[in-house]
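Have a look at the structure below before the remarks.
The values are calculated or read from the model by the stated rules, or taken from the named source; none is laboratory data. Given the structure is predicted, the values throughout are model-derived calculations rather than measurements. Here the Cβ positions follow ideal geometry from the backbone for every residue, glycine too, while neighbour counts run over all protein chains shown. Surface areas here come from the heavy atoms of the whole protein model, side chains and all, with no ligands, DNA or RNA. Shrake-Rupley method; radii C 1.70, N 1.55, O 1.52, S 1.80 Å.
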Number of protein chains: 2
Amino acid sequence: MKNLSPLQVERLKYQPKLPASLLNGINSLNLIEGSATESVRDQEQIKELFKNTYGKPVVTFEAASTKSTSEIRNVGVILSGGQAPGGHNVIAGLYDALKLANPQNKLYGFLGGPSGIIEGQYVEFDDKFIDEYRNTGGFDIIGSGRTKLETQEQFEKSLAVCKKLNISAVVIIGGDDSNTNAALLAEWFVANNADIQVIGCPKTIDGDLKNDQIEISFGFDTATKTYAELIGNIQRDANSAKKYWHFIKIMGRSASHVALEAALQTQPNITLISEEVEQEKMSLDSIITYMSNIIAKRANNGKNFGIAIIPEGLIEFIPEMKTMISNLNDLLSTLEKDSSFANLADAEKFEIISSKLDADNAKVFSSLPTLIKSQLLMDRDPHGNVQVSRIETEKLLIEMIKTRLGEMKKNGEYNGKFSSQAHFFGYEGRCAFPSNFDADYCYSLGYNAFALINNGLTGYLSSVKNLTEPAKSWIAGGIPITMMMNMEKRHGEMKPVIQKALVKLDGPVFKRLKDNREDWAMNDCYKFPGAIQYFGPTEVCDLTTVTLQLEQSKTLVGV
Amino acid sequence: MKNLSPLQVERLKYQPKLPASLLNGINSLNLIEGSATESVRDQEQIKELFKNTYGKPVVTFEAASTKSTSEIRNVGVILSGGQAPGGHNVIAGLYDALKLANPQNKLYGFLGGPSGIIEGQYVEFDDKFIDEYRNTGGFDIIGSGRTKLETQEQFEKSLAVCKKLNISAVVIIGGDDSNTNAALLAEWFVANNADIQVIGCPKTIDGDLKNDQIEISFGFDTATKTYAELIGNIQRDANSAKKYWHFIKIMGRSASHVALEAALQTQPNITLISEEVEQEKMSLDSIITYMSNIIAKRANNGKNFGIAIIPEGLIEFIPEMKTMISNLNDLLSTLEKDSSFANLADAEKFEIISSKLDADNAKVFSSLPTLIKSQLLMDRDPHGNVQVSRIETEKLLIEMIKTRLGEMKKNGEYNGKFSSQAHFFGYEGRCAFPSNFDADYCYSLGYNAFALINNGLTGYLSSVKNLTEPAKSWIAGGIPITMMMNMEKRHGEMKPVIQKALVKLDGPVFKRLKDNREDWAMNDCYKFPGAIQYFGPTEVCDLTTVTLQLEQSKTLVGV
């Protein structure tokens, strides 16, 4: 215990809340089946690909007054993809339900993500092991990984490992891709008479795994609260010192849910939303104009400070940047075969690139600050593509705005002082101690996953709904994963996938930003959420996100 | 109330704890005087400069059973310098004591720092105004500023403003320089029969305003806890993903107290301490060697991840860098008069600079990555000097380590994969909601400041000691500021100043790092402090820093 912080010591004692339906224990549940389901689109194709697991009903659980017995079951669990606060609690909930059902049940954890089940790397959990991880952040309990579990060979190897351990069910904790793969594995196990069930759990801080069936993915609540804490603190600093514009980039690769939620919690002066940039076909130039105008207007009011929130994925949503980067990827793959190019100084490389890109793209490339041009050349992924996530978008905007404000000053349109600070928040929030909401939600998801297993279901996602109500009113059940699928093109091939949820520009969440942003831009309406609290009044400790409250048409609490 | 977060709503209700001696009320205090004091050094000179305020006794307060009456007093308060959590509570404590002493007393806040008293910009506080700021972070209640209050002309203007408002005492909340200036102003007021008292309060997140009389400056506790939260979260992420080295630069311009405290709370793999670098005359090269060796050894153990903490001021403590930058400042001031130089491309500038710097300095300059060379040329302060605080030291180290590891790989000394993430934390912590410790400490400092005023003292620092004990056992009193002074050279002139406290390399705080760092480097002893808690168990919510506990020879709690 020597390395535990005081908070950790206390959090280990926290007993997560469960939906009332699960409170009577895992062997006292009635399964309520709805009617048969269809996939959201492409029903014929999805049905063809999931012959055995398609069309199953949505299920929910009710507490039963009688107690059934439970056969012995060994279960394996996998953490897949990027960290999200609460993963440890999914495993703790699963473990508690499994041991409650029958103390002879065993829970195995596959190490290092999906590769663990393929390569047979695992641990067996016991009380002591689990107890050290209750209500903690991180995925370090068994590690995670990004191996995609999708080939025939991987499935066969997984089957062999499960058979060796006498495992009759696998729980996969992951995002949209991992849950798609969970459905494929479930179908393959049935088709091959493997007698192994597969259950998924909806994880991602990005918030883009949600739909009519999933209210929120776990981790989004804690991560956004952590970013909002930092943004709020910086806003208070900006409003005290009154000398800096803080440009804050927020993690979330494609969708802007995280940036949007953090903004609704803090009410900064400027918030960019990638989905809007794409739909409105905003050019980099028009974004610079939009931001520079707000900066200039605030300067006119004597305010040479402010806060701008930038979603991590922004660049790829600016049509001209996307086109230029695609052109650049092709060009560089040719140029870099030429060793004389590789040895050139950056300035010379820029000239060659400008001369060889298509005219429009060359113009975009040339307009970028040197730092960004260098980053475009520097960071390539294993496929030779520019790693857009490593481009410092926040500095790109700062540099271009600096130039623009200089021009505006010459024209008498700006009369202020622009000093800036750049920040990027992501790793700070992915492994925070889960909020009470995420601690409860994750524990319930894991507990409920075992209830689905215990009822013989496969190809289902563990589902807990009605999440803006107190935990006792939450509704536990299961969703056939195929129900959330459609066909999309991936790497040139049509594949069955769970649709990624982007920010809906006609939805109530974006509307709140849109309706308020002019006010927030000029009048300082900063909110200071402060650090996540675990022990205090319920309004401080147990509320979930503004996004979910708005989506559920709730009157906003705490906003 | 529409913009208040749930935490803020609850924190407004928090009643800060006071030392038992102050609990009977401001009009029921006995003043206990110690014997006459001397300055820590240069007694003759300090005495000469502070003819009227030198040599006063240390004082403490005792609760009295009788109640005295208090004449009407108007007081002015100033926030000076960088933000630190708790500043609002100093003002709230001062206000409450002042109104308790006599409801007809008035408290004025000077706006925008020391310039407010010079220019006569002020507000008068009332209950409603103060109540909105209780237990909140930031200095936005009246703003702060960096004007130095030190010239005869400024003193005269301040006097005029005070006379106009019938102010008989001024409280200056600031760091070492601001408190030095408080002492000068106190002396000047006495020498000029102004009948205005001056009291200082010890503020700075940097932690370098401490000595035999001051146990800790306010804000250090909250800021370091905020940074430790983030470092802990990133450690958990690193230990889950197992693929990144995170280089985390921590604010704190000259001393490394903040980095050291954050490291003791989190136990990262590498912690650099500027004071050690200077004393051991470590070169940049030897720092790179030290860090690269740990990275290589961890890679040998299969660990291609880790956490390195870097104090913001590091560069200026590396002797060769300090010399080179000084040479560069001189050189650039000449070169930049030549407009043809200004128009050159960076690469050309680098060549000219390398050819004109002294040989040793040219070698250092040439060894730096391009990014850092550019930053050295780019960011200059109003005096034309390189702004060292804007150099991305964390990236400097990453780039040089990358190169070094490449060489080691060629020599068969390294066989790992080095992927890095760079972070800088500073603005995230300066305006956080004050921890219970800072909320209590600051409120007590402010309350006590009025007790000093009420007892007719001037040139004193508000002092609250015995801070590792529960608040009721804290000892309230006052320290003659001259007692903490010595003569130092500033801008070529000998001046009376309060000595800055650097990290003591022979002290118990640094010793704890030194004794453990080999273990922490290789074995992952990460601690996860989590977010600051305000409502939970006292071990989680009320403990102060590891630094203070070690300095007070306490058995560490919560470590």
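Numbers below:
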| read-out | value |
| --- | --- |
| Residue satisfying all of: in region A:251-271; open to solvent by less than 10 Å² (accessible area, probe 1.4 Å) and over 15 Å from A:V509 (Cβ atoms); farthest from the chain's Cα centre (by Cα) among these | A:N269 |
| Residue identified as farther than 24 Å from A:K17 by Cβ and among the hydrophobic types (A, V, I, L, M, F, W, C) among A:V171, A:V123 | A:V123 |
| Conditions (1) assigned to a helix (DSSP H, G or I); (2) more than 9 Å from chain B (Cβ to nearest Cβ): number failed by A:N233 | (2) |
| Selected residue (criterion: farthest from the chain's Cα centre (by Cα)) from residues of region A:54-100 that are closer than 20 Å to A:L23 by Cα and in a strand (DSSP E or B) | A:A63 |
| Check on B:G109, under 20 Å from the mean Cα position of the chain (by Cα), under 24 Å from A:K242 (Cα atoms), open to solvent by less than 10 Å² (accessible area, probe 1.4 Å) and at pLDDT 95 or above | no |
| Complete set of residues in region A:34-44 that are open to solvent by less than 90 Å² (accessible area, probe 1.4 Å) and in a helix (DSSP H, G or I) | A:Q43 |
| Every residue from region A:1-18 that is touching a residue at least 60 places away in the same chain (Cβ under 8 Å) and either more than 14 Å from every other protein chain (Cβ to nearest Cβ) or not in a loop (DSSP other than H, G, I, E, B) (or both) | A:L7, A:Q8, A:E10, A:R11, A:L12, A:P16, A:K17, A:L18 |
| Residue within region A:245-255 that is of a type in the set (A, V, I, L, M), within 13 Å of chain B (Cβ to nearest Cβ) and within 30 Å of A:T136 (Cα to Cα) present | yes |
| Cross-chain or 6+ apart pairs with Cβ under 6 Å, region A:19-33 first and part of a helix (DSSP H, G or I), then loosely packed, with under 14 Cβ neighbours inside 10 Å | A:A20/A:K472 |
| Which numbered condition A:G200 fails, given (1) in contact with a Phe, Trp or Tyr (Cβ under 8 Å, 6 or more places away or on another chain); (2) surrounded by fewer than 24 Cβ atoms within 10 Å (Cβ to Cβ); (3) among the small types (G, A, S) | (2) |
| Selection status of A:Y108, touching a Leu at 6+ places or on another chain (Cβ under 9 Å) and under 30 Å from B:Q533 (Cα atoms) | no |
| Count of region A:354-366 residues which are surrounded by fewer than 16 Cβ atoms within 10 Å (Cβ to Cβ) and within 27 Å of B:E392 (Cα to Cα) | 1 |
| Subset of region B:325-353 (residues that are buried (at least 16 other Cβ atoms within 10 Å of the Cβ) and of a type outside the set (D, E, K, R)) | B:I325, B:N327, B:L328, B:N329, B:L331, B:L332, B:L335, B:F350, B:I353 |
| Subset of region A:459-485 (residues that are closer than 23 Å to A:T53 by Cα and aromatic (F, W, Y)) | A:Y460 |
| Test: residue in region A:330-344 that is in contact (Cβ under 8 Å) with a residue 60 or more places away in the chain, part of a helix (DSSP H, G or I) and over 30 Å from A:N239 (Cα atoms) | no |
| Residue in region A:447-460 that is touching a strand residue (DSSP E or B) at 6+ places or on another chain (Cβ under 9 Å) and assigned to a strand (DSSP E or B) present | yes |
| Tally of residues being surrounded by fewer than 18 Cβ atoms within 10 Å (Cβ to Cβ) and either out of contact with any Asp or Glu (no Cβ under 8 Å at 6 or more places or on another chain) or over 20 Å from B:G536 (Cα atoms) (or both) across region A:518-537 | 5 |
| Flag if A:L98 is within 13 Å of another protein chain (Cβ to nearest Cβ) and among the aliphatic types (A, V, I, L, M) | no |
| Subset of region B:63-84 [open to solvent by 70 Å² or more (accessible area, probe 1.4 Å) and touching a Lys or Arg at 6+ places or on another chain (Cβ under 9 Å)] | B:I72 |
| The listed residue being open to solvent by 10 Å² or more (accessible area, probe 1.4 Å), out of contact with any helix residue (DSSP H, G or I) (no Cβ under 6 Å at 6 or more places or on another chain) and within 9 Å of another protein chain (Cβ to nearest Cβ), out of B:K242, B:K210 | B:K242 |
| Close pairs (9 angstrom Cβ cut-off, 6 or more residues apart or separate chains): closer than 13 Å to B:L335 by Cα in region B:352-363, charged (D, E, K, R) and in a helix (DSSP H, G or I) anywhere | B:I353/B:K373; B:S354/B:K363; B:L357/B:K363 |
| Subset tally (residues that are open to solvent by 30 Å² or more (accessible area, probe 1.4 Å) and either under 25 Å from the mean Cα position of the chain (by Cα) or over 24 Å from A:N233 (Cβ atoms) (or both)) for region B:115-139 | 10 |
| Looking only at region A:404-446, and only at residues there that are in a helix (DSSP H, G or I) and within 14 Å of chain B (Cβ to nearest Cβ), the one that is nearest to the chain's Cα centre (by Cα) | A:D438 |
| Residue within region B:144-164 that is at pLDDT 95 or above, more than 20 Å from B:C431 (Cβ to Cβ), of a type in the set (S, T, N, Q) and in contact with a Cys (Cβ under 9 Å, 6 or more places away or on another chain) present | no |
| Candidate set from region B:538-555 (those that are more than 9 Å from chain A (Cβ to nearest Cβ) and open to solvent by 40 Å² or more (accessible area, probe 1.4 Å)); member that is nearest to B:D221 (Cα to Cα) | B:D542 |
| A:T458 being closer than 29 Å to A:A183 by Cβ and either open to solvent by 30 Å² or more (accessible area, probe 1.4 Å) or within 14 Å of chain B (Cβ to nearest Cβ) (or both) | no |
| Subset tally (residues that are assigned to a loop (DSSP other than H, G, I, E, B) and open to solvent by 10 Å² or more (accessible area, probe 1.4 Å)) for region A:273-318 | 9 |
| Filter pass, A:P369 being at pLDDT below 95 and closer than 23 Å to A:N269 by Cβ | yes |
| Residue match in region A:381-390 (condition: assigned to a strand (DSSP E or B), touching a residue at least 12 places away in the same chain (Cβ under 8 Å) and under 17 Å from B:E392 (Cβ atoms)) | no |
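So that you can scan it fast, the table gives a plain yes or no per residue for (1) in contact with a His (Cβ under 9 Å, 6 or more places away or on another chain); (2) farther than 19 Å from B:K13 by Cβ; (3) of a type in the set (A, V, I, L, M, F, W, C):
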| position | (1), (2), (3) |
| --- | --- |
| B:P85 | no, no, no |
| B:I91 | no, no, yes |
| B:R134 | yes, no, no |
| B:G145 | no, yes, no |
